[in-house]
Amino acid sequence: MQKLHTALLVGLLAATTHAQTGNDTSKIRKAANAAVAKADWKAAIDGFQQLVDTDPMDGSAWHMLGYSLHTSGNLDAALKAHLKATEFPDVAPIACYNAACVFALRKNKDEALSWLGKAAKAGFARAEHMEEDSDMDILRDEPRYAEIVAQIEKNATSAREPSVQVFAGTSERKLTRMVMFAGKGSIGGVSISYGQPKWLDKYDQAIASPKYENYRWRFGKDEWTTLDTSVALKLGDQQLAPGIYYLTIARRDTDFVLAAIDPAEVHAQMIDPYMANRTTGGTEVILKHEKTDEVSSALEIELAQTVGAQASGNLVISFGPHKLSTTFALLPKK
């Protein structure tokens, strides 16, 4: 179960607003929606809880309460809200899916498959999201899962209009960072924040498949992998201006190519990390590729400083038996 991009989420909040029962309710809903947009989950939970206490038939509020609880990490309470939300047709497809995610995270395959089947029956149509959702990994080898996916794909092709659906989730992030100091303070630095997908042998088949030639992969788990540099950064033979970038990786013939993309361009096109293959442009850097005997069980990214060098070194990416690398150097203002 994963988070949608904030801009899309805000659109959903506006689209799913329940009929108001008074000015006070309207203010509470507006504040709760704003809290979700800001990722202030405590305020969001308090707000949506007030709404369902006031009107237990507010399906949208039950759905968003489950979303907020789930994203905050309170899966027990989230499941109760998800199950309640399944009683309302407008939000039942995604509510059933969210319930399936909780059961999958608890390693209860039977219940997870049961609720996933209910999601398909209710009209859930986000097959491409399921393919990327790590919550579903525990179910992928189950015969029933393949049958349900087929139904969901059928829903997607037969739907007259795409439905807007919210996905919640929590995911740990890892950080690699290098900062320069001079005198009494910092003179700049660079960091890369990323989620850590686990290596699966099937990824080698995808890497070699002609289907994925020039196909940009989301670099990391769940959310974008983000590069944040406060000074000019030389990466390989390219130079990035100070700023924040989303990173993707693609295979091009025998090379692997890292792309650093302006988030504003991604946001303008409403591209979620799960649709990273739809991105274009950006600054591209060819990475050195080698296979090693040491298998990295999860994605690892390191800004490794060269011994004796000042603010320079190698960006090293390890995933499974693959190691990708390029040089980097921080270029502070003189």
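The values are calculated or read from the model by the stated rules, or taken from the named source; none is laboratory data. None of the values given here were measured: they were computed from a predicted structure. Backbone-built Cβ (ideal geometry, glycine too); neighbour counts: all protein chains shown. Areas reflect the complete protein model, heavy atoms only, side chains present, ligands, DNA and RNA absent. Shrake-Rupley method; radii C 1.70, N 1.55, O 1.52, S 1.80 Å.
In region 36-50, how many are of a type outside the set (S, T, N, Q) and surrounded by fewer than 24 Cβ atoms within 10 Å (Cβ to Cβ)?
So the answer is 8.
For residue 103, state whether it is part of a helix (DSSP H, G or I) and among the aromatic types (Phe, Trp, Tyr). Before the answer, list the steps.
Working: part of a helix (DSSP H, G or I): yes; among the aromatic types (Phe, Trp, Tyr): yes.
When the stated conditions are applied, residue 103 passes them.
Under 7 Å between Cβ atoms, at least 6 apart or on separate chains: pull out the pairs that start in region 116-139 with a residue that is within 16 Å of residue 155 (Cβ to Cβ) and end on any residue that is of a type in the set (D, E, K, R).
These pairs meet every condition: 127/153.
Quickly run through region 127-149 and pick out the residues that are over 17 Å from residue 102 (Cβ atoms) and either open to solvent by less than 50 Å² (accessible area, probe 1.4 Å) or part of a helix (DSSP H, G or I) (or both).
Result: 127, 128, 131, 132, 143, 144, 146, 147, 149.
Restricting to region 193-251, what's the tally of residues that are touching a strand residue (DSSP E or B) at 6+ places or on another chain (Cβ under 8 Å) and in a helix (DSSP H, G or I)?
Residues meeting the conditions: 4.
Considering 247, 287, which residue is open to solvent by less than 80 Å² (accessible area, probe 1.4 Å), closer than 19 Å to residue 315 by Cα and under 16 Å from the mean Cα position of the chain (by Cα)? Don't jump to the end; show me each part of the working.
Numbers: 287 fails: under 16 Å from the mean Cα position of the chain (by Cα).
Testing whether each residue is open to solvent by less than 80 Å² (accessible area, probe 1.4 Å), closer than 19 Å to residue 315 by Cα and under 16 Å from the mean Cα position of the chain (by Cα) leaves just 247.
Of everything in region 1-53 that's β-branched (Val, Ile, Thr) and out of contact with any Phe, Trp or Tyr (no Cβ under 9 Å at 6 or more places or on another chain), which residue is modelled with the lowest pLDDT? Before you say what the answer is, go through the steps one by one.
Of the residues in region 1-53, the ones β-branched (Val, Ile, Thr) are 6, 10, 16-17, 21, 25, 28, 36, 45, 52.
Those still in the list that are out of contact with any Phe, Trp or Tyr (no Cβ under 9 Å at 6 or more places or on another chain) too: 6, 10, 16-17, 21, 25, 45.
Values: 6: 30, 10: 34, 16: 44, 17: 44, 21: 44, 25: 82, 45: 95.
Residue satisfying both the conditions and the ranking: 6.
Quick check on my filter: what residues within region 62-77 are closer than 16 Å to residue 32 by Cα and aliphatic (A, V, I, L, M)? Show your work before the answer.
Initially, region 62-77 is screened for residues closer than 16 Å to residue 32 by Cα, giving 62-72.
Passing the criteria: 64, 65, 69.
Answer with yes or no whether residue 108 is polar (S, T, N, Q) and within 20 Å of the chain's Cα centre (by Cα).
Working: polar (S, T, N, Q): yes; within 20 Å of the chain's Cα centre (by Cα): no.
Here the answer is no, as residue 108 does not meet what is asked.
Select from region 299-324 the residues that are open to solvent by 20 Å² or more (accessible area, probe 1.4 Å) and among the small types (Gly, Ala, Ser) and list them in ascending order.
Within region 299-324, 304, 308, 309, 312, 318 qualify.
What pairs come up if the first residue lies in region 151-180 and is modelled with pLDDT of 85 or more and open to solvent by 80 Å² or more (accessible area, probe 1.4 Å), the second is hydrophobic (A, V, I, L, M, F, W, C) and assigned to a loop (DSSP other than H, G, I, E, B), and their beta carbons are under 9 Å apart, counting only those six or more places apart or on different chains?
153/125; 154/125
Exactly one of (1) out of contact with any Gly (no Cβ under 7 Å at 6 or more places or on another chain); (2) surrounded by fewer than 23 Cβ atoms within 10 Å (Cβ to Cβ); (3) of a type outside the set (S, T, N, Q) is unmet by residue 116. Its number?
Unmet condition: (2).
Which residue pairs have Cβ atoms under 9 Å apart, sit 6 or more places apart or on different chains, and have a first residue in region 31-45 that is part of a loop (DSSP other than H, G, I, E, B) and a second that is surrounded by 20 or more Cβ atoms within 10 Å (Cβ to Cβ)?
Short answer, once both residue conditions are applied: 38/44; 39/3; 39/71.
How many residues are open to solvent by 10 Å² or more (accessible area, probe 1.4 Å) and assigned to a helix (DSSP H, G or I) if we restrict to region 51-62?
Initially, region 51-62 is screened for residues open to solvent by 10 Å² or more (accessible area, probe 1.4 Å), giving 53-57, 60, 62.
In the following step, the residues that additionally are assigned to a helix (DSSP H, G or I) were identified as 53-54, 60, 62.
Going through region 51-62 one residue at a time, the tally reaches 4.
Would you say residue 184 is modelled with pLDDT under 90, open to solvent by 30 Å² or more (accessible area, probe 1.4 Å) and more than 30 Å from residue 82 (Cβ to Cβ)?
Details: modelled with pLDDT under 90: yes; open to solvent by 30 Å² or more (accessible area, probe 1.4 Å): yes; more than 30 Å from residue 82 (Cβ to Cβ): yes.
It is true that residue 184 is modelled with pLDDT under 90, open to solvent by 30 Å² or more (accessible area, probe 1.4 Å) and more than 30 Å from residue 82 (Cβ to Cβ).
Working only within region 258-284, note down all residues that are surrounded by 13 or more Cβ atoms within 10 Å (Cβ to Cβ), assigned to a helix (DSSP H, G or I) and not aliphatic (A, V, I, L, M).
If the condition is that a residue be surrounded by 13 or more Cβ atoms within 10 Å (Cβ to Cβ), assigned to a helix (DSSP H, G or I) and not aliphatic (A, V, I, L, M), then 263, 265, 267, 273, 274, 277 are the ones that fit.
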